[in-house]
Amino acid sequence: MAFAIEFFLRRIGQGLVIVLLVAFVIFTLLRIVPGDPIRIILGPMTPASVLEETARNLGLRDPILVQFGRFVTQVASGDLGRSFIRGVQGGSTGGSQDSAGFDPESRASVAELIGTALPYSLQLAALGIVFTLLVSVPLGLAAGLRSGRWPDRLGLYVSSFLVSLPNIWVGVVLIFLLSAKTGLLPAIGYKGFAYTIIPAMVLAIELSPVLIRAISVSVAANLGETYFDVGLVRGLSRRAMIARHVLRNAAVPLFNLFGAQMIGMLLGGLFVVEYIFSYPGLGMLTINAVFQRDFPIIQAVAILASGVLVAINMLVDFASTTIDRRLKF
Amino acid sequence: MKTTRRMFLAGATALGAGSLIIGPTGKLGSAFAQDGKTLSFAAAGTVTSSWDPSSHTVAPQITAEGFLFGHLTKCPMTAENPGEILPDLAVEWKVIDPFTLEYKLRQGVTFHDGKEFKAEDVKATYEYASQPSRPASAWYPGQVEVEIVDDYTVRLKTEKFGYPALNFWYVSAFLPILSAKDVANPDVLKQRPNGTGAFRYEATKGDQIIFKAFDKFHEGKPQIETVLWNYVPDANTRVLGLLNGQYHLTERLEPEQYASLSKEANITTQRGLSSENKYLHFRCNKPPFDDVRVRLAAVHAIDREQVLAVVGDAGQASNCHISPVKFGYTDVASYPKFDPELSQKLLAEAGFPKGQGLPEIEYITSVGFYPKTREYGELITAMLQEQGFPVKLTTLEPAAWEEQLYRRADGQGPGHIVDVGWITGSPEPDLVLRPNYLSKFALINGVSDPEIDASLDKERNAASTDERLKILQTETLPLIAAKVPSVSLFSSVFLRAMSKNLQGVYFYPNGPIDLSKATLA
């Protein structure tokens, strides 16, 4: 118990520093790349004097450190701010002002926008992971347990094939085949659970190759360890050794892979997949925010994504130490 | 408590399943809206955060307003008869004197909130939207006063503001008519649209806007009950959604998509000349394009036929700074043509033989908004380089490009050549000419030329449409072609596609879609 408390306190502290650094890098990058959001907020034909006055009122002309300090204070108080672009009615294009200039209260709350989009992304991510596991676990285990034989080669060929397919292309092809040509499944937007299936398949195609190879290599490596032969010599069956010891030991590197690589890939994949499928999740919200220079949304999503990555890594490390007590993180 | 592997796996499984439950609930199936009463439109853009038509200059919102609002008149803007005006909320109109237009209004028209349409609404709308403080005031020729003669007769008066009332002749087809009650309460105006159009606003759900047929539409209730406006930014997704039947109508296709969809049995494609021209603006208030000879040398270096070949179905040849669907369009005989020898001669005269001594020239264009801009941008860059212009092409995504487009507070704009289209919803040519070529505005190129200014004022102040037409075609447009603050490369053609069972749709050249008579079998 003491270990768990010490572990979580230390890792939460480290995690906060990482999230703060990510937030600062994103915050700074947004302000130095070309594309002044004030022109998008107020519209192309707005007089230059109004543009400058509004930008000053919004604090967009203050030094970056001052802006960042203000932003961190605001986030610490639980306020993710309001979108520059999206109206409370849901409109998502800029270029509008009222006679008194820009009114932030007329724009949507970032927390509400994220709260609306997040469940869609969670559903898609969860189904993507389910599909990934359905493909990867049988193939990876078969390949690892029969190293050097045809299941191993099959695992290698399948993962090599899948890893070489760009997800944008896969998405378009699957929509074309499964939706446009055959009408088997819906694909664009979201009106029900069925709309999640094809995008989740694309995610699974992106994630599976890494997991197939990782399971295969990890299981095969454990089968080659001395403890496996010793167990057999001591009279344990091969099945029992695999079920009780090999899978358990092989799980530690897989958990690490899951935390360090797969979740990152999943987040990146969500952005692309949601855009292709016009799926109303966090990825779609973010891509549109990037196109429109909607800084508050981009910043909030970056903080959320880095927070999720940090939290998952923390949980994975904790799970690994629970499985293998020799490990200390 | 000891955590076993089994417990951990059970927990992880429960978490995964939980995510599915937490996610938005829904059922399998019911994918395709095919009830014959609901039209699903995949739009390339969406609306702003304000429903006040005078608060923006955003093309997709103007398209949305087309469903919702009526105007005094309608202009179909065909190339055969660009100046044609048809009745909408006004049934008759005439010139009383150079500073007064009179409109007789249609009776029995109601707004979506049930208020009866009367002269007071026209007065409120015109006097409000033409105020210089309104963000969209650049669309209108200036302020206007509206005299109410009776409940169904109004007079637009411009004498007090020093320009002829005839300037509203075509603009009357562009300004959406608002309810006087809403104009008195701008907060309400922002929150929801209330027009006299064929469809009324129902709700916004995320990136989807829902419009419902208006029972009391003065031309009769539309047969299509519901229009779903889906904002789908990716062009491929729009096409795939049309192919799988989720959408009935989509817009802004790439030429390749248009060609491919033309072969589909269940799809109808539509190709319509727009009110937009595509321009290369020269930054005229800084070297080297402050010299008209250098501008002309650049224009003579560009073979527009090759550019058009790259643009394909999305463009149409035109030799004029306004689109063929605009009042005043003419094929300008003196429009500068591809002539490399003349380009070299002009460069030498300007002191840059074979381009020697020219500074590096930045050509700014966008990708992802207009069709083929990167492709023809590379072609034009190569053509200019061939004549000795040291051109560097900068390709930006739309938000960054828009930030670079207009001149800044100090009058200067980034780069030297900028690619842009200019689209307006009325045959009125001044909506293009004055913002772009009058020294007072010259929003992009920064040209300051008293001759152009004088000519623009002369055509604006003409006493009749015939006289104005003559001045535009014989003086103003040839003068702009000779001074080339920008070169118009071609006129844009909008490429759209729809389900075969959608009939009776009319597409306006600036984007709005008339679905009031449409049917969805």
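The values are calculated or read from the model by the stated rules, or taken from the named source; none is laboratory data. Worth saying up front: this structure is predicted, and the values here are computed from it rather than measured. Note: ideal-geometry Cβ built from the backbone for every residue, glycine included; neighbour counts use all protein chains shown.
Summary table
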item	result
Residue in the stretch B:482-502 that is out of contact with any helix residue (DSSP H, G or I) (no Cβ under 8 Å at 6 or more places or on another chain), over 26 Å from B:Val58 (Cβ atoms) and buried (at least 19 other Cβ atoms within 10 Å of the Cβ) present	no
In the stretch B:240-251, residue nearest to B:Ile513 (Cα to Cα) [restricted to those that are touching a residue at least 24 places away in the same chain (Cβ under 8 Å) and facing another protein chain (nearest Cβ under 9 Å)]	B:Tyr247
Filter result for A:Phe318 (within 29 Å of A:Pro253 (Cα to Cα), assigned to a helix (DSSP H, G or I), of a type in the set (Phe, Trp, Tyr) and in the same structural domain as A:Ile168 (by TED's automatic domain parsing))	no
Residue under evaluation B:Trp51, criteria (1) free of Cβ contacts under 8 Å to residues at least 40 places away in the same chain; (2) surrounded by 17 or more Cβ atoms within 10 Å (Cβ to Cβ); (3) part of a loop (DSSP other than H, G, I, E, B), criterion not met	(1)
Condition check for B:Lys337: of a type in the set (D, E, K, R), touching a residue at least 24 places away in the same chain (Cβ under 8 Å) and over 23 Å from B:Arg252 (Cβ atoms)	yes
Set B:Glu397, B:Glu403: member being buried (at least 17 other Cβ atoms within 10 Å of the Cβ), modelled with pLDDT under 90 and more than 22 Å from B:Tyr437 (Cβ to Cβ)	B:Glu403
Residue list for the stretch B:418-477, filter: more than 17 Å from B:Phe289 (Cα to Cα), at pLDDT below 95 and of a type in the set (S, T, N, Q)	B:Thr424, B:Ser426, B:Asn461, B:Ser464, B:Thr465
Checking B:Glu428 against (1) touching a residue at least 40 places away in the same chain (Cβ under 8 Å); (2) in a helix (DSSP H, G or I); (3) under 22 Å from B:Phe174 (Cβ atoms); (4) more than 14 Å from chain A (Cβ to nearest Cβ), the condition it does not meet	(2)
Subset of the stretch B:149-199 [closer than 24 Å to B:Gln107 by Cβ, surrounded by fewer than 23 Cβ atoms within 10 Å (Cβ to Cβ) and acidic (Asp, Glu)]	B:Asp150, B:Asp151
Answer from A:Asn288, A:Asn249 - the residue that is over 16 Å from the mean Cα position of the chain (by Cα), within 30 Å of A:Leu60 (Cα to Cα), surrounded by 15 or more Cβ atoms within 10 Å (Cβ to Cβ) and of a type outside the set (A, V, I, L, M, F, W, C)	A:Asn288
Every residue from the stretch B:55-81 that is within 17 Å of B:Glu428 (Cβ to Cβ), modelled with pLDDT under 90 and within 14 Å of chain A (Cβ to nearest Cβ)	B:Thr57, B:Ala59
Qualifying positions in the stretch B:367-410 - part of a strand (DSSP E or B) and more than 22 Å from the chain's Cα centre (by Cα)	B:Val391, B:Lys392, B:Leu393, B:Thr394
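Condition check ((1) at pLDDT 95 or above; (2) out of contact with any helix residue (DSSP H, G or I) (no Cβ under 8 Å at 6 or more places or on another chain); (3) of a type outside the set (D, E, K, R)) across all residues:
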{"position": "B:Asn266", "(1), (2), (3)": "no, yes, yes"}
{"position": "B:Asn277", "(1), (2), (3)": "yes, no, yes"}
{"position": "B:Leu280", "(1), (2), (3)": "yes, no, yes"}
{"position": "B:Ala297", "(1), (2), (3)": "yes, no, yes"}
{"position": "B:Val310", "(1), (2), (3)": "yes, no, yes"}
{"position": "B:Phe338", "(1), (2), (3)": "yes, no, yes"}
{"position": "B:Glu341", "(1), (2), (3)": "yes, yes, no"}
